[in-house]
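Worksheet: one structure, shown below.
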Amino acid sequence: MQPCVFIHTNHKQHVGALVSAYSMRRNSKSPERFDVKLIELKDHMDVFAKYEGKTYSRDGDSRPWMNEDLQSFTPLRFMPPELMGYEGRAVVVDPDVFAVGDVWELLSRDMAGKGVMCRTRGTPPHFASSVMLLDCAKLKHWKVAEDFDRLFKREREYKTWMNLGYEDKDTIGVLEPEWNDFDKLTDKTKMIHNTRRKTQPWKAGLPVDFIPAENNPLNPLMLLSRLRRKLFGEYAMLGQYKPHPDQRQEQLFFSLLKECVEKGVVSEALLKEHMRDNHVRHDAFEVLQRTPPLEQVLPKAA
């Protein structure tokens, strides 16, 4: 089976996912050697719809599951082995991850017998599953419907699952940070991840529609955030998405999007639809007009 890059997404991040998919092929010297596919929440509502509004454990609190949340797609990052028939290699990335280097280098690398490879982050370090290289034959225990059900039976905790805390650590290899560079774009970057949701370049000016992290119950700000949610609603008083502090990262995204529009990968009609639905910033066409070609933003990607 041909290796595959999967981008998991929902309707709110659909445009980002299309740009991500385009970047994977665009910046590879061997695009014919792998497939690129989206895993979309709407195609798996048989798994997710029945849990709408039901609570699960996250950050030491109970959260209601909301299919309309910005990141409702995250459990889908564990679906590639099933979709591959538990055979072959796959890379799976969030829809806010864009290839700067050649993803074939990742798909074809020696995994040294590991089932998963990803980078670490944080103190103490934990595994970041937002970009993973997978040996699907070694991951036959990944069954998204069953594991998602375990969240609501309180047999699993969300962050522990996302951080690969239920995996044998001996089966996980560590990638270089450049394969999942968190809001950092350097000459070494292989994949840029606009992981700070409030500054995602295509969202600036829109109302915030995600729940901020609340993973430290002793932090007064996080205690206030929990109180705010309970008293006023999940997204109340969260303000607006902000411009990305690194203009070059904004230019990278919009130069890729400009190519997508020119080549029909993303139609103007689709872009207008997502602008209307507050999934893409309302000045997107103005930003596209002033964005230089990718060769000027990132010469090595040309």
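Here, each number is a calculation from the coordinates, and none is a lab measurement. Remember, predicted model here, so these are calculated numbers, not experimental data. Cβ placement follows ideal geometry from the backbone for every residue including glycine, while neighbour counts extend to all protein chains displayed.
What separates the Cα centres of the range 110-142 and the range 256-299 is a distance of 32 Å.
The candidate values are (1) 22.7; (2) 19.9; (3) 24.4; the one derived from this structure for Kirkwood radius over Cα pairs in Å carries the label (2). Our summary gives the chain a relative contact order of 18 percent, counting only alpha carbon pairs under 8 angstrom and 6 or more residues apart. Remark: the range 162-170, residue by residue, has Karplus-estimated 3J(HN,Hα) of 4, 8, 6, x, 9, 9, 5, 4, 5 Hz, where x stands for each Gly or Pro and the curve is 6.51 cos²θ - 1.76 cosθ + 1.60 at θ = phi - 60°.
Less than 5 angstrom separates the built amide H of residue 280 from those of 275, all sequence-distant by 5 or more or on a different chain.
With θ taken as phi - 60° and the Karplus curve 6.51 cos²θ - 1.76 cosθ + 1.60 applied, the whole-hertz 3J(HN,Hα) list for the range 92-109 is 10, 9, 5, x, 10, 10, 10, 6, 10, x, 9, 5, 4, 4, 6, 4, 9, 6 Hz, x standing for glycine and proline.
Using the average count of surrounding beta-carbon atoms within 10 Å as a protection proxy, the listed peptides 93-105, 160-172 rank, highest first, as 93-105, 160-172.
Cross-link reach is defined here as a Cα-Cα straight distance under 18 Å, omitting same-chain residues fewer than 8 places apart; for residue 169 the lysines meeting it are 114, 138, 140, 159.
Distant-in-sequence amide contacts of residue 38, defined by a placed amide H-H separation under 5 Å and a gap of 5 or more residues or a different chain, comprise 7. Can you pull the percent of Cα pairs in the range 43-124 with separation above 14 Å? For the range 43-124, the fraction of Cα-Cα distances above 14 Å is 75 percent.
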